[in-house]
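The values are calculated or read from the model by the stated rules, or taken from the named source; none is laboratory data. What you see is a predicted model; the values in this text were computed from it and never measured. We place every Cβ from the backbone using ideal geometry, glycine too, and count neighbours over all the protein chains shown. Accessible surface is based on the protein model in full, side chains and every heavy atom, while ligands, DNA and RNA are left aside. Shrake-Rupley method; radii C 1.70, N 1.55, O 1.52, S 1.80 Å.
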Amino acid sequence: MRIIRFREPGNEPRLGLVEPDAPTTVVELDTDDVLAVLRGAREVTGRTIEALDGETLELPPPLELLAPLVPPETWAAGVTYERSRDARVDESRVEARDVYSLVYDAERPELFIKDAVGRRTVGPGAAVGVRSDASWTVPEPELALVLDAGGELLGATIGNDVTARDVEGANPLYLPQAKLFAAACALGPAILIPEDWSLPFEIELRLLGPDGGVVYEAETSTARMRRSFDELAAWVVRENPVPAGSVLLTGTGLVPPDNVALVPGQQVEIRIPGIGKLVNPVGAAADLLPPERSKTHVR
Ligand code: DO4
Ligand code: MG
């Protein structure tokens, strides 16, 4: 079962269920409370909409597909895949390289806050940002878990933890600046309520140049994660009052080679079969600050 959020110009956002047997048919829900739907509410209005594509779930104009929720908080785990550990050790320019190896093996995971109330988060089709004081920004395609207040798993969507690697590499204490800036996070296109949480998710990344040519593509699986979803979620809510509906990005297992960096004009595509495909153009973070991007902001 997949849930999307959309808006008609001038109206408040609405929720819809994507029909499991007809992946382009969206049935409008009677409520706009995504937590209620994740917990079982299913009343529908009777209106159906045909999406233009079963994976991006793009809707016919003037309907606009939005991020599937506005998380009160978005947390992120780091160095949960061997590939991520190796890349951080390599990028680090200071004598702090061991922190990544240590955290990969430690009982306590690396967790950081990525956003609050969707201020730096965009939905499908809206631009993700590259900060002008960074020269090596990369997409981080990650499975994103929607959590209940006690850390229970309510659903899963696709997340992009856009990261300025050179900023983090200069000094790990710069992590918040490498991770938090305008449009540094993308979520969507749908929240999946999985029937079986024990099955792994395949994650595919494709970066396209301004001419549409493939700059980089790769895939991984959450089966390669060093930690379980439940373990990460339990650490996030440990003695920490995380509000229901918050999101946890579970770390990246896909790191482009060192000569690949995001630049405005490119397009990032992240596909997780069962959830869909999240497509975002790349723009300059300075142009994507909330007042200027009110049209594309998740709210
Ligand atoms: O240690 C820095 C962050 C790592 C991260 O975001 C990831 O592994 O996905
Ligand atoms: Mg990450």
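Tabulated data for the structure shown
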read-out: Top-ranked residue in region 180-192 [being crowded, with 24+ Cβ neighbours inside 10 Å and under 22 Å from Met225 (Cα atoms); ranked as farthest from ligand 1 (Cβ to nearest atom)]; value: Ile191
read-out: Qualifying residue in region 88-111 (condition: open to solvent by less than 30 Å² (accessible area, probe 1.4 Å), within 11 Å of ligand 1 (Cβ to nearest atom), basic (Lys, Arg) and modelled with pLDDT of 95 or more); value: no
read-out: Of the criteria (1) in contact (Cβ under 8 Å) with a residue 24 or more places away in the chain; (2) open to solvent by 60 Å² or more (accessible area, probe 1.4 Å), which one Asp21 fails; value: (1)
read-out: Which listed residue, of Leu173, Leu147, is open to solvent by less than 20 Å² (accessible area, probe 1.4 Å) and closer than 21 Å to Arg108 by Cα; value: Leu147
read-out: Matching residues, region 112-135, being of a type in the set (Asp, Glu) and open to solvent by less than 20 Å² (accessible area, probe 1.4 Å); value: Asp115
read-out: Filtered residues of region 81-125 (kept if assigned to a loop (DSSP other than H, G, I, E, B), in contact with a helix residue (DSSP H, G or I) (Cβ under 8 Å, 6 or more places away or on another chain) and either away from ligand 2 (no atom under 16 Å from the Cβ) or under 29 Å from Leu69 (Cβ atoms) (or both)); value: Tyr81, Arg93, Val94, Ala96, Arg97, Arg108, Pro109
read-out: Any hit, region 73-87, residues being open to solvent by 10 Å² or more (accessible area, probe 1.4 Å), within 19 Å of Gln177 (Cα to Cα) and more than 15 Å from ligand 1 (Cβ to nearest atom); value: yes
read-out: Check on Pro264, modelled with pLDDT under 95 and in contact with a strand residue (DSSP E or B) (Cβ under 8 Å, 6 or more places away or on another chain); value: no
read-out: Answer residue from region 35-52, given it is outside any strand (DSSP E or B) and open to solvent by 60 Å² or more (accessible area, probe 1.4 Å) and is nearest to Gly150 (Cα to Cα) among those; value: Arg39
